[in-house]
Amino acid sequence: MADSDKLDRIVADARRAALERGQGYREQALKIYPWVCGRCGREFTRANLRELTVHHRDHDHDNNPPDGSNWELLCLYCHDNEHQRQLEALSGGGGGADASGRATHSPFADLKSMLARGKPPK
Ligand SMILES: [Zn+2]
Ligand SMILES: [Zn+2]
């Protein structure tokens, strides 16, 4: 019995570690920052916390310093807005977002953040 308990715990630990690699920075950011959107000032509680997201100031999701200096808490709307602006800046205001994105980005960096986020970028 003790052996299978131990095994269960190892499996659970491994699973949690895998989850933390993807979500750890969000947990961490929510620990060190107040639950308030950095743009519109909307306040969050446990009930609507999933609408509060972690934005990476330099837009590099692999850059996660433990002091939180690359993170900003934004509500879904402001976060969307922030990335919209970034896309517009990258594409120079018109059309070829795809082509210019590829020119200024390493394709591997994109792949990495895609894998880390578990969904393809818009
Ligand atoms: Zn907001
Ligand atoms: Zn962001």
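The values are calculated or read from the model by the stated rules, or taken from the named source; none is laboratory data. Here the structure is a predicted model, which means the values were calculated and not measured. Note that each Cβ is placed from the backbone with ideal geometry, even for glycine, and that neighbours are counted across all protein chains shown. Quick note on the areas: whole protein, heavy atoms, side chains included, nothing else; ligands and nucleic acids left out. Shrake-Rupley method; radii C 1.70, N 1.55, O 1.52, S 1.80 Å.
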Query raised in the report: Residue separation times 0.36 nm, minus the C-alpha to C-alpha distance between ARG42 and GLU27: what's the value?
Result: 3.5 nm
**Report entry** In sequence order, calculated HN-Hα J values of the stretch 81-90 (Karplus, 6.51, -1.76, 1.60; Hz; x Gly/Pro)
**Finding:** 4, 4, 6, 4, 4, 4, 4, 5, 5, 5
Query raised in the report: What dipole magnitude, in Debye to the nearest 20, does the stretch 2-97 give about its Cα centre under +1 on Lys/Arg Cβ and -1 on Asp/Glu Cβ?
Result: 240 debye
Query - Under Karplus coefficients 6.51, -1.76 and 1.60, residue-wise ³J(HN,Hα) of the stretch 45-60 in Hz, glycine/proline x - result: 10, 4, 5, 10, 4, 6, 8, 9, 10, 9, 9, 9, 4, 9, 6, 10
Requested in this report: Would you tell me the accessible area of LEU52, worked out with a 1.4 angstrom probe on the heavy atoms of the protein chains, in Å² to the nearest 10?
Outcome: 0 Å²
Requested in this report: Hey, can you grab everything whose amide H is under 5 Å from the amide H of THR53? Only 5+ residues off in sequence or another chain; H modelled, so Pro and N-termini drop out.
Outcome: LEU74, CYS75, LEU76
Report summary line: With N residues in the stretch 2-97, Rg(alpha-carbon) / (2.2 N^0.38 Å) equals 1.40
Report summary line: In the neighbourhood of PHE44 defined by beta carbon distances under 12 Å, the net charge of the other residues (Lys, Arg +1; Asp, Glu -1) is +1
